[in-house]
Structures are given as structure tokens and as C-alpha cells.
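Asks: Have a look at this one.
The values are calculated or read from the model by the stated rules, or taken from the named source; none is laboratory data. Computed from a predicted model, the values in this text were never measured in an experiment. Cβ atoms come from the backbone with ideal geometry, glycine included; neighbour counts cover every protein chain shown. All accessible areas refer to the heavy atoms of the entire protein, side chains included, with ligands and DNA or RNA removed. Shrake-Rupley method; radii C 1.70, N 1.55, O 1.52, S 1.80 Å.
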Amino acid sequence: MLQFLIRRGGGGDPRHGLRKGKARPRDSGIRSILPGGSVDCPNLEFEYGDADGHGAELAELYSYTEEPELSHNRRCFEEDFHTQVPGRRWLELDAAQQKAYVMRLLDGLEVVNRDKRLRVARAILYLAQGVFGDCDNEGDVLHWSRHNSFLLYQLGTFSAFLELLNMEIENSQACSSALRKPAISLADSTELRVLLSVMYLMVENIRVEQETDPPEWKTCRETFRMDLSFPVHTEEPFALLLFTMVTKFCSGHAPHFPMKKVLLLLWKVLLLTLGGFEALQAMKVRRREELGLPPLPEDSIQVVRGMRAASPPTYAIELMEQQQQQQQQQQQQQKRGHRSRRPLMKQDSLDIYNERDPFKNDEGGVDEEENDDVDSGIEGELDLMERDAIIPVMPAQRLPIERVSFPKGLPWAPKVRQKDIEHFLEASRNKFIGFTLGQDTETLIGLPRPIHESVKTLKQHKYVSISDVQIKNEEELEKCPMSLGEEEVQETPCEVLYRAMLYNLPQYMIALLKILLAAAPTSKAKTDSINILADVLPEEMPITVLQSMKLGIDVNRHKEIIVKSISALLLLLLKHFKLNHIYQFEYVSQHLVFANCIPLILKFFNQNIMSYITAKNSISVLDYPHCTVCDLPELTAESLEAGDNNQFCWRNLFSCINLLRILNKLTKWKHSRTMMLVVFKSAPILKRALKVKQAMMQLYVLKLLKIQTKYLGRQWRKSNMKTMSAIYQKVRHRMNDDWAYGNDIDARPWDFQAEECTLRANIEAFNSRRYDKPQDSEFAPVDNCLQSVLGQRLELPEDFHYSYELWLEREVFSQPIRWEELLHCQ
């Protein structure tokens with residue numbers, strides 16, 4: 001009955017690979033400009049953060065297919081609890097009695113019988129889920145879930161479940177059984193899902209801080225963070241085990257692994273151990289103080305939160321009238337025999353309908369369809385209506401003049417790099433003196449007074465980043481390894497994680513991108529693609545249309561949660577590695593680029609992005625914890641189709657912003673990667689994303705458009721002046737950056753391959769110097785004193801005295817001594 005599954009909100013079919021042909025936006029043509037469509041988009045009241053609300057994050061752990069297992073967990077707990085503590089409820093026990101019962105449960109995990117062990121694990125899972133059978137409302141469930149999670153951690157439950165998880169990962173019988181099955185379902189991953197669910201609930205409940213938390217909980221949280229960051233008994237952090245599960249799943253050796261739960265747990269472990277975005281900002285401020293750098297000009301988090309989205313686009317009726325008038329003007333021009341010229345245009349605030357191909361001339365008619373496939377490099381098509389619609393001039397009596405209110409000040413303080421000052425002085429000296437002074441930025445003799453003032457202004461806004469200091473230190477260490485000695489590396493959670501990930505990091509990045517590709521709504525049918533639906537498809541396929549609709553919503557929701565977790569953890573890794581050391585960040589970035597991360601993200605955005613952000617792939621009455629304490633109403637096809645009443649889907653908007661931020665991280669100051677954006681014709685794709693009226697998302701889209709503007713040509717800039725104005729208004733200014741004119745010397749296409757090769761050589765030198773420490777170094781000191789060498793005590797093997805005489809006979813007495821050679825040496 002899978003053919004009845006309904007694809008909604010841009011999601012794919014549950015069967016991996018049902019969608020065929022090019023991936024088109026669903027609301028193409030005239031529907032995209034009708035009232036209620038993507039043009040008339042209201043302001044989205046979205047607040048970006050580390051994660052969604054606590055209840056929403058717990059609800060996304062479970063698929064709707066797993067709902068019957070909630071009551072199964074309750075039965076397992078109550079059967080055991082009523083035999084041990086008859087006539088009592090969990091909420092009525094005091095702290096000592098609760099601890100005693102949990103310790104008894106943990107003893108039950110030591111039994112050999114697999115089924116008995118699973119029943120005990122389910123009872124512990126019911127405790128972590130908040131003993132919902134004894135609760136009256138959702139708030140009580142969440143409260144007891146947090147309380148029990150801290151209790152379970154204090155009694156060593158996490159360590160016990162970590163041992164069980166290692167056993168299940170190494171369970172070859174389960175792997176071979178899953179490999180033999182033609183279709184994998186929920187039943188193949190029961191034990192793993194129970195273990196991962198308990199660990200996720202503990203990590204998420206302990207991670208979330210609340211004002212009412214007692215002091216011992218705060219101490220417990222820090223202890224848990226240290227345990228996950230700096231493992232004592234094992235040589236690798238817990239996050240590395242989860243990364244290993246991801247690669248094992250993608251290699252095909254363990255297709256039954258529940259990937260959604262693994263990725264969610266991995267993301268939350270990184271969030272707990274490394275820290276969220278606000279903790280990262282505090283670490284950045286502290287690091288700048290340690291390095292003696294001036295404080296940051298502003299708090300980027302607060303600036304972005306204070307931004308407002310751009311004004312809404314033109315209404316649909318006006319747009320249709322404008323198109324009709326433009327056609328009439330063109331017909332009149334053709335009758336006069338004049339060459340068809342482009343009329344003046346009145347554009348909306350972000351030029352949403354002016355998506356002409358920047359690589360074509362502008363002499364064709366405006367209604368002519370372009371045969372060129374905009375996205376031939378990333379297997380997708382753009383909406384021709386949105387690319388070619390031109391908005392002509394409207395008569396003054398038809399449309400009132402829109403008053404534009406400019407902000408009082410720009411949101412960002414301008415920045416200038418040391419390199420920018422050097423380039424400015426080099427050009428000025430060549431012009432006025434005729435020679436240059438290299439990197440000297442102090443000597444201004446012979447330059448006119450205006451140049452002096454310009455240099456003074458540039459230095460006032462000079463910004464030295466932590467990365468600049470790290471690169472400079474690395475260059476000095478490479479030049480003078482003996483005199484500077486060994487570098488003191490601070491043992492941070494980020495450093496421990498990078499050292500553990502280093503040698504398999506390319507495989508980790510490729511595996512994450514493979515899963516992201518399989519979960520993207522624009523993915524096409526591929527025979528070799530991985531099956532990410534093993535932990536959502538039931539054993540028995542749906543029989544009725546209603547069941548099929550419910551499973552279809554569940555599958556799309558499942559994919560959206562996977563995209564959310566991967567995008568969040570990749571961004572978290574990039575930002576923390578960049579702060580820890582720039583070359584760690586560059587190493588991860590290069591492998592993401594080599595694994596085609598840039599075209600993958602562009603392919604993700606090559607869809608009707610408003611449809612994706614407003615998708616309603618959720619059934620609120622089935623979400624945890626609502627489904628545990630409320631009577632479930634009868635589901636109908638109409639109620640499933642209607643979805644919830646939310647203005648937008650939080651996780652999808654969160655994913656889109658994360659992917660845009662990752663794309664910015666990969667391409668910033670990298671001209672070779674910026675050229676990839678141009679080659680894949682990303683400008684129309686990115687401009688379509690500007691329809692979403694959310695300031696943070698628009699900011700990162702405009703950043704990506706800004707860096708490639710110099711490559712798009714004069715005609716593109718001329719026909720997209722409103723977009724250029726939005727860039728000036730929202731994106732940070734660089735004093736002498738000619739991004740809008742294409743005069744930057746770095747924009748000229750020299751040898752971009754050399755840029756990547758140089759970066760790769762620097763990364764390899766850094767990794768080799770810091771992490772590959774050979775025993776016999778060429779810089780090791782040599783002892784030339786004969787007496788001290790002969791006086792050294794050598795560590796001989798224990799059995800050496802047994803073969804000592806044989807060694808003397810073979811190595812000393814049987815070897816002839818050639819004294820004449822000793823004389824020749826003198």
C-alpha cells in the first residue's frame with residue numbers, strides 16, 4: 001500500500017527512490033504569485049537558537065510508528081515495579097527508595113538472557129520517559145523525565161547502557177540477519193532503539209538548564225559534560241563511537257542501525273560537550289582577551305536577532321497587469337522596427353521575479369523560455385516563471401509611490417584586514433612613487449595627504465581575527481621549530497574530539513553527506529542510495545489509505561529531523577574547530593568540499609523553499625508527551641491533511657539557516673569555492689530563498705550573493721539593483737572591497753587550483769607537526785661524548801642473558817676486525 005503514501009511539503013516517498021525525473025518546485029507557474037502563495041509571505045516570528053523547545057526536541061526522538069512501544073515500556077515497568085514495591089506508585093517513593101529500585105533494575109541488566117535484559121531496559125526507558133502513567137499533564141511528564149534522568153545518571157546508568165550499546169554494535173548476528181532481509185523494519189533495531197532512546201533522554205534532559213535546578217543538578221551536569229568530553233576508561237570520546245556507527249551504517253555493514261536516533265544523540269552530545277552558540281561567543285571573547293586582541297565590535301547573535309526582514313514583494317494582481325503592459329510595449333516597439341530593448345523596471349524589494357540567467361545577453365524577449373538548464377550541474381530545474389518574469393514601469397496614477405524608510409545606522413561595524421591595507425598601500429605607492437615597500441604599512445613618505453587620511457581610517461577599522469594570529473604562529477613554528485620549541489596545546493573538549501576524529505575524518509564527512517543527500521526532499525531515485533527509513537517503516541505495511549497517509553507524514557517528518565540534526569552538528573563542528581584552530585576548521589571544510597557539499601546544499605535549496613518551510617509533516621496529537629496523557633481523537637484523512645496551525649515548521653527553517661551558514665563557512669575568502677557557486681548557477685536558486693521573510697535567513701543568502709557578485713557580470717548587477725541595495729543595507733561592509741564592481745584583483749580567474757593546494761599543504765604540515773610525532777626526529781639532539789654514550793644504561797630484554805654468549809660469538813668474535821680501515825678514516 002505504499003503507493004497511497006502522500007508526499008507533502010516537498011518530502012519524498014517512503015520507498016527509497018520513488019521520485020523520478022527532474023526535481024521541480026511544486027507550486028510552479030502562476031500559482032506561485034497568487035494570494036496565499038509564496039509571494040504574500042508574512043513575517044516569520046522565528047527565534048534562532050541551539051535547538052527547539054525542550055518538549056519538541058524530545059518528541060522528535062520518536063516516530064509515530066513507535067507509538068505502541070510507549071505502552072509496552074509501561075507494562076514492562078509496572079510488572080516489575082508492582083512485584084518489588086506492591087501497592088505504591090513511583091511518585092510516592094522517597095529518594096532512597098527510588099535509588100534502591102533503580103539499583104535493582106541495573107542489576108537486571110547483567111543477566112545473560114537477552115529478552116530479560118531488554119525488558120529491564122524498557123523499564124528504565126519508561127522511567128526516563130517520565131512515568132507518564134502516573135502523570136496528569138504534559139508538564140508533569142517533562143518534570144519527572146528530567147528528575148529521573150538525573151537520578152539514573154547519578155547511579156551509573158549511562159555507563160551501563162554504553163557497555164550494552166558497544167555489545168549491540170558488535171553483534172554480528174543482528175548485522176548478518178539484517179543484511180539477508182529484503183526489507184528492514186522497526187523490528188530489526190529494537191534493542192538499539194531502546195538503548196539510544198534512554199541515552200538521548202538522559203543527555204537532553206541533563207543538557208537543558210532551568211532556573212529552578214537544584215545545585216546538585218548543576219554539579220551533575222558539569223560532571224556529565226566532563227565524562228563525555230574526557231573519557232577515563234576508554235581512549236575515545238563517546239561522540240567518536242556514534243561517528244563510527246554512522247560510517248558503519250553508510251558502508252552497508254549495518255543497515256539496521258536507527259540513524260535518526262544516532263544523529264540526534266550525536267548532535268546533542270556535541271552540543272553538551274562543546275557548547276552552544278552563546279557559549280561559543282563567550283569562548284571567543286575570552287580567547288581574544290588571552291591573545292591580547294581588542295574586543296569584538298559587536299555581539300553577532302544580538303545584531304542578527306535585532307534585524308528585520310525585507311519588505312514584502314509586489315502583489316499578484318499588480319504583477320499580472322505589469323506583465324500585460326510590458327507585452328504591449330514590446331509589440332509597439334517591434335511595429336516601429338526598432339530593436340527590442342528592455343524597458344525600465346520597477347522591482348520589488350528583492351527582485352524575486354527577475355531571475356534572468358547572468359550568462360546570457362539581454363536581447364531576447366522577456367517571455368522567451370530559456371532552454372538552458374540552470375541547474376545541469378546539480379540535477380534540478382528552476383521555475384521558469386520565476387526566472388523570466390519582468391516587472392515593467394507602472395503609470396504614476398495606477399501605483400502610489402512607495403516610501404522607503406532607511407535605517408538610522410548600519411547593523412555591522414566595518415572591518416578591514418591587514419591584507420587590505422597592504423594592497424591599498426601597494427597600489428598607492430605604485431601610482432605616486434613607482435615602487436613598493438612590501439608589507440610595510442607605516443612608511444607613508446611621498447604619498448599625498450588624502451592617502452594618509454585613508455590609511456588612518458583603514459587602521460581605525462582594522463580587525464585582527466583569532467585565525468590570523470593562529471596562522472601567523474603556525475608560520476613561525478614551521479620556520480623555527482628548534483628555537484620556539486614545542487607548542488603548548490590546551491586540552492579542550494574540542495581538541496580531544498579533533499585528535500580522535502583526525503584519521504577517519506574524511507569517512508565521517510562523506511557518511512554524513514550521504515545521509516543528508518538521501519534525506520533531502522529534492523533527491524531523485526538512485527539504486528545505490530542508502531535506506532534511511534529502517535527505523536520508521538513498520539513490519540506490516542499499511543492497508544488503508546488513512547494508514548498510508550499517516551506513514552507518509554511520518555516518513556517526511558523522519559527525513560526533516562535527519563536534515564535538521566546533520567545540518568546542526570556540521571555547523572557546530574565547523575564553528576568550534578575554527579575557534580580551536582583555523583587549520584582544524586580548514587581540514588574539515590576541505591573534505592566537505594571534496595565530498596561535493598556545495599552542490600548538495602544548492603540542490604537542497606533548488607525547490608519551492610516556502611513550501612518546505614511551511615510544510616506540515618506532523619500530527620500534534622501523536623507527539624510525545626501529548627499522546628501519553630491525553631485521549632487520542634479519531635484520526636481522519638481531513639485532519640491529517642490539515643496538519644497543525646503553525647505558521648511555519650521550526651525544524652525546517654532551522655535546517656535552512658544552518659545549511660546557508662555552512663555554505664558561507666565553506667566559501668568565505670575562498671575564491672575557488674566561490675567560483676563553484678557561479679559554475680553551479682546558484683544566484684537564481686539563492687534569490688528564490690529570499691522569499692522567506694526571516695531576517696537571519698535573508699542575511700546569509702545575501703552574504704552568498706555578495707561574494708559571487710563580482711563574477712556574475714555587469715548585466716546581472718544592473719538588473720538586480722534592489723538585491724544589491726539589500727546587500728549594502730544588511731551585510732557587513734569592507735572598506736575597500738570592490739565586490740559590486742568586479743575590480744578586485746583576487747576576483748580574476750588565475751589559478752584557483754593552486755590556492756586549494758597551498759591550503760592543503762599548510763593543513764598537512766599542521767597535522768603532521770602537532771599530531772604525528774615520530775620517535776626518531778631529525779631535530780633530536782646527538783650525544784658526541786664517548787664516555788657518556790658508553791655509560792648509558794640500555795634496556796635489554798629479559799631473555800637476553802640466555803643468548804648472550806651466542807650473541808657474542810655471532811656479532812663480535814666471528815667478525816674480522818679491519819684495523820687498516822680505521823687508519824684510512826683518520
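Asks: Just to verify a result, which residue in the stretch 481-503, among those that are open to solvent by 70 Å² or more (accessible area, probe 1.4 Å) and not in a helix (DSSP H, G or I), is modelled with the lowest pLDDT? I'd like the intermediate steps shown before the answer.
Replies: Applying the first criterion (open to solvent by 70 Å² or more (accessible area, probe 1.4 Å)) to the stretch 481-503 yields 482-484, 486, 488, 490-491, 499, 503.
Narrowing further to those that are not in a helix (DSSP H, G or I): 486, 488, 490-491.
Numbers: E486: 78, E488: 86, Q490: 91, E491: 91.
Only one residue tops the list, namely E486.
Asks: Ok, one more. Criterion first (out of contact with any Gly (no Cβ under 7 Å at 6 or more places or on another chain), in contact (Cβ under 8 Å) with a residue 24 or more places away in the chain, assigned to a helix (DSSP H, G or I) and at negative phi) does D535 satisfy it? Let's see the steps before the verdict.
Replies: On the way: out of contact with any Gly (no Cβ under 7 Å at 6 or more places or on another chain): yes; in contact (Cβ under 8 Å) with a residue 24 or more places away in the chain: yes; assigned to a helix (DSSP H, G or I): no; at negative phi: yes.
Spelling it out, it is not the case that D535 is out of contact with any Gly (no Cβ under 7 Å at 6 or more places or on another chain), in contact (Cβ under 8 Å) with a residue 24 or more places away in the chain, assigned to a helix (DSSP H, G or I) and at negative phi.
Asks: Give the residue that is nearest to V131 (Cα to Cα), with candidates limited to residues of the stretch 142-175 that are polar (S, T, N, Q) and free of Cβ contacts under 8 Å to residues at least 60 places away in the same chain.
Replies: Step one: of the stretch 142-175, the residues polar (S, T, N, Q) are 145, 148-149, 154, 157, 159, 166, 171-173.
With the extra rule that they be free of Cβ contacts under 8 Å to residues at least 60 places away in the same chain, the set shrinks to 148-149, 157, 159, 171-173.
Numbers: N148: 9, S149: 11, T157: 17, S159: 22, N171: 31, S172: 34, Q173: 33 Å.
Of everything passing the filter in the stretch 142-175, N148 is nearest to V131 (Cα to Cα).
Asks: Then there's this: Condition (residue is open to solvent by less than 50 Å² (accessible area, probe 1.4 Å), among the polar types (S, T, N, Q), out of contact with any Asp or Glu (no Cβ under 9 Å at 6 or more places or on another chain) and closer than 25 Å to Q547 by Cβ) applied to the stretch 93-109: is it met by at least one residue?
Replies: Among the residues of the stretch 93-109, not one is open to solvent by less than 50 Å² (accessible area, probe 1.4 Å), among the polar types (S, T, N, Q), out of contact with any Asp or Glu (no Cβ under 9 Å at 6 or more places or on another chain) and closer than 25 Å to Q547 by Cβ, which makes the answer no.
Asks: Please enumerate the residues belonging to the stretch 228-287 that are among the small types (G, A, S) and closer than 18 Å to E204 by Cβ.
Replies: Step one: list which residues in the stretch 228-287 are among the small types (G, A, S), which gives 229, 239, 251-252, 254, 275-276, 279, 282.
Residues satisfying the conditions are S229, A239, G275, G276, A279.
Asks: Of all residues being over 25 Å from L264 (Cβ atoms) and of a type outside the set (A, V, I, L, M) in the stretch 526-541, which is modelled with the lowest pLDDT? Just the residue, please. Reasoning before the result, please.
Replies: Step one: of the stretch 526-541, the residues over 25 Å from L264 (Cβ atoms) are 527-528, 540-541.
Checking the rest, the ones that are also of a type outside the set (A, V, I, L, M) come to 527-528, 540.
Values: T527: 54, D528: 60, E540: 86.
Only one residue fits best here, namely T527.
Asks: Can you name every residue in the stretch 411-435 that is surrounded by fewer than 16 Cβ atoms within 10 Å (Cβ to Cβ) and either touching a Phe, Trp or Tyr at 6+ places or on another chain (Cβ under 6 Å) or at pLDDT below 85 (or both)?
Replies: Across the stretch 411-435, the qualifying residue is only F435.
Asks: Shifting gears a bit: Can you tell me which residue among A178, A239 is open to solvent by less than 50 Å² (accessible area, probe 1.4 Å), assigned to a helix (DSSP H, G or I), in contact (Cβ under 8 Å) with a residue 12 or more places away in the chain and farther than 23 Å from S159 by Cα? Write out each step before concluding.
Replies: Working: A239 fails: farther than 23 Å from S159 by Cα.
Just a single option satisfies the conditions, and that option is A178.
Asks: Follow-up question, since we're still on this one. Residue under question is Y463, and the condition is that it be out of contact with any helix residue (DSSP H, G or I) (no Cβ under 7 Å at 6 or more places or on another chain) and either surrounded by 14 or more Cβ atoms within 10 Å (Cβ to Cβ) or not charged (D, E, K, R) (or both); does it hold?
Replies: Values: out of contact with any helix residue (DSSP H, G or I) (no Cβ under 7 Å at 6 or more places or on another chain): yes; either surrounded by 14 or more Cβ atoms within 10 Å (Cβ to Cβ) or not charged (D, E, K, R) (or both): yes.
Yes; evaluated as a whole, the condition is true for this residue.
Asks: Does D746 count as at pLDDT below 80, open to solvent by less than 80 Å² (accessible area, probe 1.4 Å), closer than 30 Å to K479 by Cβ and part of a loop (DSSP other than H, G, I, E, B)?
Replies: no
Asks: Still on this structure, I have one more. Would you say V588 is free of Cβ contacts under 8 Å to residues at least 60 places away in the same chain, part of a helix (DSSP H, G or I), at negative phi and among the aliphatic types (A, V, I, L, M)?
Replies: Details: free of Cβ contacts under 8 Å to residues at least 60 places away in the same chain: no; part of a helix (DSSP H, G or I): yes; at negative phi: yes; among the aliphatic types (A, V, I, L, M): yes.
No.
Asks: Kindly state which helices (runs of 4 or more DSSP H) lie completely within the stretch 259-307 and contain at least 2 residues that are basic (K, R) and open to solvent by 50 Å² or more (accessible area, probe 1.4 Å). Steps first, please.
Replies: Details: elements: 259-274, 277-290, 300-305.
Hits in the stretch 259-307: 277-290.
Asks: Here is a further query. Out of everything in the stretch 64-92 that is of a type in the set (S, T, Y) and within 30 Å of L546 (Cβ to Cβ), what residue ends up being least open to solvent (accessible area, probe 1.4 Å)? Can you show your working first?
Replies: Applying the first criterion (of a type in the set (S, T, Y)) to the stretch 64-92 yields 64-65, 71, 83.
Keeping just the survivors that are within 30 Å of L546 (Cβ to Cβ) gives 64-65, 71.
On the way: Y64: 8, T65: 33, S71: 56 Å².
Of everything passing the filter in the stretch 64-92, Y64 is least open to solvent (accessible area, probe 1.4 Å).
Asks: Please specify each residue of the stretch 523-541 satisfying the condition of being open to solvent by 10 Å² or more (accessible area, probe 1.4 Å) and not acidic (D, E). Break it down into steps so the answer makes sense when it comes.
Replies: Taking the stretch 523-541 and keeping what is open to solvent by 10 Å² or more (accessible area, probe 1.4 Å), we get 523-531, 537-541.
Once the filter is applied, which keeps residues that are open to solvent by 10 Å² or more (accessible area, probe 1.4 Å) and not acidic (D, E), the stretch 523-541 yields S523, K524, A525, K526, T527, S529, I530, N531, L537, P538, M541.
Asks: Any idea which of R810, R793 is under 60 Å from the mean Cα position of the chain (by Cα), modelled with pLDDT of 75 or more and open to solvent by 100 Å² or more (accessible area, probe 1.4 Å)?
Replies: Details: R810 fails: under 60 Å from the mean Cα position of the chain (by Cα).
Residue meeting the stated conditions: R793.
Asks: While we're here: Would you point out which residue out of E491, E560 is charged (D, E, K, R) and farther than 30 Å from N617 by Cβ?
Replies: Details: E560 fails: farther than 30 Å from N617 by Cβ.
That would be E491, the only listed residue that is charged (D, E, K, R) and farther than 30 Å from N617 by Cβ.
Asks: Any idea which residue in the stretch 436-457 is modelled with the lowest pLDDT, counting only those that are of a type outside the set (G, A, S) and closer than 17 Å to N736 by Cα? Full working, then the answer.
Replies: Our first condition is that a residue be of a type outside the set (G, A, S); within the stretch 436-457, this holds for 436-437, 439-445, 447-453, 455-457.
Still in the list and also closer than 17 Å to N736 by Cα: 441, 450-453, 455-457.
Numbers: T441: 88, P450: 93, I451: 93, H452: 93, E453: 94, V455: 94, K456: 93, T457: 93.
Of everything passing the filter in the stretch 436-457, T441 is modelled with the lowest pLDDT.
Asks: May I ask you to list the residues in the stretch 673-719 that are under 19 Å from the mean Cα position of the chain (by Cα) and among the charged types (D, E, K, R)?
Replies: R673, K703
Asks: It is to be established whether one or more residues within the stretch 645-652 are more than 25 Å from the chain's Cα centre (by Cα) and farther than 23 Å from T522 by Cβ. Talk me through it step by step, then tell me what you get.
Replies: So the first thing to find is which residues in the stretch 645-652 are more than 25 Å from the chain's Cα centre (by Cα), and the list is 645.
Still in the list and also farther than 23 Å from T522 by Cβ: 645.
Yes, some residue in the stretch 645-652 is more than 25 Å from the chain's Cα centre (by Cα) and farther than 23 Å from T522 by Cβ.
Asks: Among the residues that make up the stretch 132-145, is at least one of them closer than 30 Å to Q173 by Cβ, open to solvent by less than 50 Å² (accessible area, probe 1.4 Å) and not acidic (D, E)?
Replies: Keep residues of the stretch 132-145 that are closer than 30 Å to Q173 by Cβ, which gives none.
Within the stretch 132-145, not a single residue is closer than 30 Å to Q173 by Cβ, open to solvent by less than 50 Å² (accessible area, probe 1.4 Å) and not acidic (D, E).
Asks: Find all pairs meeting these conditions: Cβ atoms under 8 angstrom apart; at least six residues apart or on different chains; first residue within the stretch 188-207 and touching a residue at least 24 places away in the same chain (Cβ under 8 Å) and part of a helix (DSSP H, G or I); second residue open to solvent by 10 Å² or more (accessible area, probe 1.4 Å) and of a type in the set (S, T, N, Q).
Replies: Matching pairs, first to second residue: D188/S177.
Asks: Just to check your reading of the model, which residue among E442, E475 is open to solvent by 80 Å² or more (accessible area, probe 1.4 Å), assigned to a helix (DSSP H, G or I) and under 27 Å from E289 (Cβ atoms)?
Replies: Working: E442 fails: assigned to a helix (DSSP H, G or I).
Testing whether each residue is open to solvent by 80 Å² or more (accessible area, probe 1.4 Å), assigned to a helix (DSSP H, G or I) and under 27 Å from E289 (Cβ atoms) leaves just E475.
Asks: Where in the stretch 603-696 are there helices (runs of 4 or more DSSP H), lying wholly inside it, with at least 1 residues that are open to solvent by 10 Å² or more (accessible area, probe 1.4 Å) and within 25 Å of E60 (Cβ to Cβ)? Break it down stepwise before answering.
Replies: On the way: elements: 609-613, 626-629, 637-642, 650-667, 671-679, 682-689.
Answer list for the stretch 603-696: 609-613, 626-629, 637-642, 650-667.
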